[in-house]
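Values in this text are rule-based calculations from the coordinates and carry no lab data. Computed from a predicted structure; not experimentally measured. Note that we place each Cβ from the backbone using ideal geometry, even for glycine, and neighbour counts take in every protein chain shown.
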């Protein structure tokens, strides 16, 4: 239902308006009121969706921003009034006096009445009407044609006057335009309310301004955060609340402020402020903000929820930096493996990126939306590792948590579990793990309830497990379960052009991260590093690049800088004399005769017997390193 107010410009028009509305087929769509218009009507308290008015009243409403459709005066209405005036009095000069939107261009009627000199006297303000009538009389006009008020004032000066009447067609057209305008207004209000509701449900403050920097909208969150502001924001300058913010630079220069800390009412807020772009110029700006305390609380909640819901894999195949054919082949195999649900065993030396591939396989698999749980089997003592893998019930052992604890296999349900350094688990754990892989179920420590699980197992090792089986250190049946699909990661020394590519990447990364001066390696330095065997592979290279960026205080590093950051490079036993062809290595080639004692001794020498750094370099827990040192009598 459209609420319509019709301002009748003269008394005799009201019955015509009612008749026109009654004859319209959509008359039931209107709830209308007809008000008699009068001179200098103040137009207060109009309770309607749309108004219809003529002349001065329509002009005033439009200027005040009141929804109004103009009852237009047609050329036919003006000609009819002139014809009526001509029959009333002899005419030589005729004045058309009234609102600008009524009489403008009406002088064109002279072509129909060539014997009459017709002059228009348009007026913007109704208060000028009497003065303009006096002018028309002074100009020697014989009569005046205009609106109802014009006729009343003309009688005061005893000059003949005829009123311009509006025909039924013009009334009907005005009603049709008013209905269309009201329907458009309804849709705009509905859309505006929808947007406002969305904005008010936002958990951040949203403020918009006009091109002068005055606030045109502020959602309810603004008052929630800025509780000391009791008055409405709308109509106030944004600068009042954010005095340190260069609002004019945003609106007039297109500057953007993103994730900046500003204070409002002594409250620290993280704000974003960007211009509202229009076709020709910026129409204002939009500012969004959040309380920094809320951001910190939400971050804490996110971390807790992520921990409770399991673990996630963050790496993908696209993040593996390479250009060598050997890595293309390995990645291709890994992608194909990801489409399967079979268990995978990844072989590779320390630092070759075994977990990177495991996470990438998970993120490329059908299990990618479920947990990825990783555990280093060599980092925990046997008893602790068993309880972490399979979980336990309350009272299972001294120190067991109240209520028990879920194991990693349960956490990884429907997802992937990554068992790194699988070759280091004890025979007892090998037996338990074999049963889990065979039966797809686990039993928590201290319990007898069987819990079914659906988990894909990806394991990794830097040992040759086939030799470990031959030596009786690893169960053959477990190896068959783990090694359904086998992926061999090449060491860095066999990846050809990848070395220079990775060096460039990590130096650029450190330059961006720390702002260090170093940007490049010269040709001599690059050739030296390309011939280095990189026994620690990617992990060693990352540490070297970080160390080099700290030590080198110039843009380009030379060989002297390399020797300083990597003293072992001078050892002739570590230098490669020639490049090896790129091809996919076999397990026996990758692990010809792994001598763990020799590797530990070499690492201890490299880090001057510092066990913490040695354990980190060998990717094992310090307690595991200590046990192995005792085992080998080091």
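Given contacts defined as C-alpha pairs under 8 Å and at least six residues apart, what's the relative contact order of region 75-165, whole-number percent?
With pairs under 8 Å counted, the relative contact order is 34 percent.
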Completion exercise
per DSSP, antiparallel bridges as share of beta bridges in the chain, % nearest 5, sits at 35
Exercise for the section: Work out the FRET efficiency for residue 80 and residue 128 from their Cβ-Cβ distance, taking R0 = 22 Å, and round it to the nearest 0.05. Expected result: 0.30
Completion exercise
One computes Rg over Rh for region 75-165 from alpha-carbon atoms, with the Kirkwood Rh, and obtains 0.91
Fill in the blank from the handout: Distance in Å, no decimals, from the C-alpha centre of region 446-461 to the one of region 524-550 is 39
Handout entry: With Cα atoms, 0 to 90° folded angle of helix 14-23 axis to the chain main axis
Key = 50
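What full-extension length gain, to one decimal in nm, is calculated for residue 476 and residue 253 as 0.36 nm per residue of separation minus the Cα-Cα distance?
Gain on extension, residue 476 to residue 253, equals 73.1 nm.
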Problem - residue 328-residue 508 FRET efficiency (beta carbon distance; Förster radius 25 Å; 0.05 resolution) - result: 0.65
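Using Cβ contacts closer than 10 Å as the measure, can you line up 259, 338, 332 from fewest to most?
Lowest count first: 259, 332, 338.
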Fill in the blank from the handout: So, for the Cα atoms of the chain, Rg and Dmax in Å stand at 43.3, 134
Completion exercise
For the pair residue 383 and residue 560, the simple spin-label estimate (label points 7 Å beyond Cα toward Cβ) gives in nm 5.8
Exercise for the section: Go ahead and estimate [θ] at 222 nm for the chain from helices alone: -39,500 (n - 2.57) per DSSP H run with n ≥ 4, summed, over the residue count, rounded to 500. Expected result: -12500 deg cm²/dmol
Problem - Relative contact order [Cα under 8 Å, 6+ residues apart], region 595-634, whole percent - result: 34
Problem - Convex hull projection area averaged over all views, region 492-579, Cα basis, nm² - result: 5.0
Practice task
Please label the shape of region 29-72 as rounded, prolate or oblate, based on the square roots a ≥ b ≥ c of the eigenvalues of the alpha-carbon gyration tensor (a/c under 1.5 means rounded; beyond that, a/b larger than b/c means prolate, else oblate).
Solution key: rounded
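Estimate the FRET efficiency between residue 211 and residue 63 by the formula 1/(1 + (r/R0)^6), using the beta-carbon distance for r and 22 Å for R0, to the nearest 0.05.
Taking R0 as 22 Å, the efficiency between residue 211 and residue 63 is 0.60.
Can you tell me the relative contact order of the chain? Whole percent, Cα pairs under 8 Å, sequence separation 6 or more.
The value is 9 percent.
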Exercise for the section: Any chance you could give the angle, 0 to 90 degrees and rounded to 10, that helix 325-338 forms with the longest Cα principal axis of the chain? Expected result: 70
Problem - Along principal axes, Cα extents of region 202-295, largest first, whole Å - result: 38, 26, 24
Fill in the blank from the handout: When 347, 214 are arranged by how many other beta-carbons sit within 10 Å of their Cβ, fewest first, they go 214, 347
Problem - Surface/4 estimate of mean projected area, convex hull on alpha-carbon atoms of region 595-634, nm² - result: 2.3
Handout entry: Relative exposure of 209, 312, 131, judged by other C-beta atoms within 10 Å (fewest first)
Key = 131, 312, 209
Completion exercise
Where a ≥ b ≥ c are root eigenvalues of the Cα gyration tensor, a/c under 1.5 meaning rounded, otherwise prolate if a/b exceeds b/c and oblate otherwise, region 11-156 counts as prolate
Problem - Cα-based helix-to-principal-axis angle, 55-64 vs the chain, degrees rounded to 10 - result: 30
Practice task
Using label points projected 7 Å from each Cα along Cα→Cβ, tell me how many nm separate residue 341 and residue 119, to one decimal.
Solution key: 9.7
Handout entry: Prolate/oblate/rounded call for region 317-488, Cα gyration tensor, a/c under 1.5 rounded
Key = prolate
Practice task
Provide the gained length on full extension for the span residue 41 to residue 19, in nm with one decimal, where the gain is 0.36 nm per separating residue minus the Cα-Cα distance.
Solution key: 5.4 nm
